[in-house]
Amino acid sequence: MKKIVVGILAHVDAGKTTLSESLFYQCGLIRQMGRVDNKDAYLDTFELEKIRGITIFSKQAVMTYENTEITLLDTPGHVDFSAEMERTLQVLDYAVLVISGSDGVQSHTRTLWDLLKIYKIPTFIFVNKMDQRGTDRKELLNILQKDLSEFCLPFDISGDDYMESLAFCDESIMESYLERGIIDKDQIQNAIANRKVFPVYFGSSLRQIGVESFLEGFDLYTKSKIYPKEFSAKVFKITRDDQGNRLTHIKINGGTLSVKQVLKTNEIEEKINQIRIYSGEKYETVNELEAGSICAVTGLTNVKPGQGLGAQEDSISPRLEAVLSYQLIFPDTVDARQMLPKLREIEEEEPELRVLWNKILQTISIQVMGTVQLEILQSIILERYQVDVSFDKGQIVYKETVSNLSEGVGHFEPLRHYAEVQLLIEPQERGRGLYFDSNCSEDILDKNWQRLILTHLKEKEHVGVLTGSPITDIKVTLIAGKAHKKHTVGGDFREATYRALRQGLKEAKSILLEPYYQFRLELPKEYIGRAMSDIEKMSGTFTMDQADDYRVILTGEAPVYTMKNYQMEVNAYSKGEGRLSIVVKGYDVCHNSEEVIERMAYDSERDIDNPTGSIFCAKGAGHYIPWNEVKDHMHLESFLKVDNRSKSQPESYQRESSYEKSISLEEIEEIINKAYFANQGKKKIRKVNRKVKDLYYPSVEKKEIVKPENLGEEYLLVDGYNIIFAWPELDELASLDMAAARSKLIDILSSYQSLGKFKIMLVFDAYRVEGRKESLEEYQNIQVVFTAKAQTADQYIEKFAYDHKKKHQITVATSDGLQQIIVRGAGARLISAREFREMIFIQRDKMSRDHLSHKSQNHSKLEDMIDEDSKNQLNKL
């Protein structure tokens, strides 16, 4: 039996759901056609869909016609749910585009057509509502051929005219028609599959006119795909059933899928527990399913829409994206932190609903396509969690890009760390998004480090320097980098990469972008003057097309910010006779960028999460260098060399190939160690007279620690979970995500380790994890221990302290009273979680003061720190 997966798409109110009901009825899936207005449509199963009378969530139905099994995916028609529709496109074999005979091709129809072209989906067209007065078949066909494709051909007729029109679509068909006077069915199938022709059918789905003819043609002119034997599948949707089970909806594109099959997702192996084939609300379970099928599986908890399974590659991000942002306002009795994980669940199901957590203000914002989505989200939260939320007035989601070529340099070199990265930043065409590439020789930087840098570029959302908005339409190329054989670890390149990109953005000329609507405004002629004046005030552009003696059509573009509420104005001044349809076109230059930048008051140099400067090592400690001075300190040569005769032209920049003239880091390190550090002698301990301002703990007087003689390296053992639950900021983070809290603690200790006072060992309990073996791993520059099953962190620390007390000075950071008594007996020193936290903060403040002091003075030169013999050695190099 032939298997076809088809999606049905339309502009809102084109009759898409009615056509689906008619198809189900014709195929015998239902005994009686449902109606949207009667709230009994087969696929509109959610209460919100019945109330609103629109399709909100994509759903599927399986039906059989003749010898074809058709899996029909019904997609939302409203523009606010376009991202849901676009994800569904990625798994279709064919599409049916429904067009209203009374409205013709509308703005959203063109958007759908463009997406079908991008995803290369063969398309059938059904022109609906042809029973309504005023519809003209010939005129509508001309509009389709003009606005969509000249190869939109009527397939519900026959005769010589039809055959000749079809022959013009493809050369092979033309040859066959001229030679034999006929066109084979296989040739027509191939032409449709290759998008060389688009069959058009006219009818009325409500009155069952033309539906059977469409089904016959669809069965006749579609063909099954040939799938590979190797397993592959595409995830296109995440939902939850009534019991809360996570359902992963997939299309199998190769091989077979069976229950208990193990799949590797994001480096984690997960087992398929159940395979469900849905049709409406009901489903049947199967043990195995072959390629070409749509199903929902349980057991996969680590995947997201667009992800490929098996041999399948991941999909590109949806082109339609959220352009409005709203802050959620909760009742006084509801804690936003408790709602965050619940909203993350909804985000899993609807990725276009981007949930953003502001850790400073403790607020949650959500990005949406339009206000209808807000109403749906409000209803979902109330139904699932019994929380009545509201929203603020909202704001536009801005983006940033650059208009010229720039070079970004990032350097990360606290004590015992090293990484330097150079990036080339280039502007791209509008709508291209971000593109990352490498053009760095392996003689300069090892391939593994290059891959790591590209991974770091892709792993987070990077923000611009004007308003802190996400960047887009930029190509970032890795052009050079430097690692240290001994001191470089993976985390160093993360820091250097982020800083390089930010430094390059600071040097480039940045541009603020805002989203634009593409609109179509139809209204009586007497209101045309008012409409044209309004569009000009909205900083929009338009063209005028007179429809008839009474009505006029305006089409054009305008910023979302100025046009988002214009529909209500149109209804008011046109007394309900005007019709405005809008769709998000994309991003372009902001019409009031200076006003927006001033209003948002973003300071890129105070954004601690996205630093613009770099860390360089001097006098045995890391020092912060601001972005505009980084290139004066960089270790590699600049990639760009400005031609003095043409400084304004990026084309005049040339590469300098003088790496071989540079002194290696190892040589510099050896000279400095001999000539500077070796002669420093013992350093005096300088007391820090400072009051520590702490929101949670009172200031604690620091005790001088006397180091015993004849002991080896000092160890600082940290009871991981004890510290996490004792430090308020980590405790708060752990309530949301324990893994994030662990990572945060590791980062804090890694920074503290760079001071070189202790060898830090961080210990976490794993005694409840079945089959867990004791492990000691290097994370950045500290050791992290996960204890074995049936062993606690307390036991590990106590044993370590006892076994090594004669060889090493050991300090334990914990607030566990019993553990403190035991480790004291083992001869170890103690520091409470409170004291440990304060000690780290004091060191941070000290480094900041040293940096400020360092900036106020002239930079020390290496030649001032070394003796004459060492200077001579350097000169000879």
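The values are calculated or read from the model by the stated rules, or taken from the named source; none is laboratory data. All values derive from a computational prediction rather than experimental measurement. Neighbour counts run over all protein chains shown; Cβ positions are idealised from the backbone, glycine included. Protein only, heavy atoms only, side chains kept; ligands, DNA and RNA dropped before computing areas. Shrake-Rupley method; radii C 1.70, N 1.55, O 1.52, S 1.80 Å.
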Per-pair calculated FRET efficiency, R0 = 45 Å: TYR435 and TYR550 via Cβ, rounded to 0.05: 0.35
The ³J(HN,Hα) series, computed from each phi in region 799-812 with the Karplus coefficients 6.51, -1.76 and 1.60 at θ = phi - 60°, rounded to the nearest Hz and given as x for glycine or proline, is 5, 5, 4, 5, 5, 10, 5, 8, 9, 9, 7, 10, 10, 10
Radius of gyration, Dmax [region 403-545; alpha carbons; angstrom]: 21.8, 78
Could I have the simple spin-label model distance between ILE157 and SER775, label points 7 Å from Cα toward Cβ, reported in nm to one decimal? 7.0 nm
Can you give me the relative contact order of region 1-157 as a percent, contacts being Cα pairs under 8 Å and 6 or more apart? 26 percent
Could you order the peptides 528-535, 251-258 from most to least packed, using the average number of other C-beta atoms within 10 Å per residue? 251-258, 528-535
Nearest-10 value in Å² for the accessible area of THR543, using the 1.4 Å probe: 90 Å²
Towards the positive end of the charge dipole of region 482-568, with charges on Cβ (+1 Lys, Arg; -1 Asp, Glu), say which of ALA508, GLY529, THR555 has the farthest Cα. ALA508
Using a/c under 1.5 as the rounded threshold, could you call region 490-620 rounded, prolate or oblate? The axes a ≥ b ≥ c are square roots of the C-alpha gyration tensor eigenvalues, and prolate needs a/b larger than b/c, oblate otherwise. prolate
Packing-based order for 122-129, 458-465, using average beta carbon neighbours within 10 Å, highest first: 122-129, 458-465
Per residue of region 493-505, what does 6.51 cos²θ - 1.76 cosθ + 1.60 with θ = phi - 60° give for ³J(HN,Hα)? Whole Hz please, x for Gly and Pro, Karplus curve as stated. 6, 4, 4, 5, 5, 4, 5, 5, 5, 5, 5, x, 5
Between GLU426 and VAL589, what is 0.36 nm times their sequence separation minus the Cα-Cα distance? Round to one decimal in nm. 57.0 nm
Modelled FRET efficiency - R0 51 Å, LYS264 with LYS575, Cβ distances, 0.05 increments: 0.25
List the pairs from LYS225/LYS460; LYS458/LYS482; LYS120/LYS234 whose alpha-carbon separation is above 26 Å, in the order I gave them. LYS225/LYS460
ASN38 versus GLN362: modelled label distance in nm, points set 7 Å from Cα along the beta carbon direction: 5.3 nm
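Expressed in nm to one decimal, what extension gain is obtained for the pair GLU713 and ASP747 from 0.36 nm per residue of sequence separation less their Cα-Cα distance?
Values: separation 34, 0.36 × 34 = 12.24 nm, distance 2.20 nm.
Working it through step by step, the gained length comes to 10.0 nm.
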With a sphere of radius 13 Å drawn around the Cβ of SER593, what net charge do the other residues whose Cβ falls strictly inside it have (Lys, Arg +1; Asp, Glu -1)? -3
In order over region 283-292: 3J(HN,Hα) from phi, Karplus 6.51/-1.76/1.60, θ = phi - 60°, whole Hz, x for each Gly or Pro, gives 8, 10, 9, 10, 8, 8, 9, 9, 4, x
Solvent exposure ordering (accessible area, 1.4 Å, most first) of HIS808, HIS484: HIS808, HIS484
Going highest first, how would you order 276-289, 55-68 by mean Cβ packing within 10 Å? 55-68, 276-289
Can you give me the long-range amide H partners of GLY34? Hydrogens built in the peptide plane at 1.01 Å from N, cutoff under 5 Å, separation of 5 or more residues or another chain. TYR42
Can you tell me how much longer the chain between ASN448 and ASP219 gets when fully stretched, taken as 0.36 nm per residue apart minus their C-alpha distance, in nm with one decimal? 77.3 nm
For a quick check: with amide H placed at 1.01 Å from N, whose amide H comes under 5 Å from CYS295's, ignoring anything fewer than 5 positions away on the same chain? ILE250, ILE252
Quick calc: nm separation of the 7 Å Cα→Cβ label points for ASN142 and ALA739 -> 6.1 nm
Against the rule of thumb 2.2 N^0.38 Å, how large the Cα Rg of region 149-305 comes out: 1.42
Overall form of region 366-431 per C-alpha gyration tensor (a/c, 1.5; a/b vs b/c): oblate
Where the centre of each part is set by its Cα atoms, how far does region 542-595 sit from region 128-143, in angstrom? 25 Å
Built amide H within the under 5 Å cut-off of THR363, gap 5+: ASN358
Please work out the Kirkwood hydrodynamic radius for region 551-644, using every pair of different C-alpha atoms, and report it in angstroms with one decimal place. 19.2 Å
Cα gyration tensor shape of region 1-112, rounded if a/c is under 1.5, else prolate or oblate by comparing a/b with b/c: oblate
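Work out the FRET efficiency for ASP186 and MET532 from their Cβ-Cβ distance, taking R0 = 51 Å, and round it to the nearest 0.05.
Details: r = 53 Å, r/R0 = 1.04.
Calculated value: 0.45.
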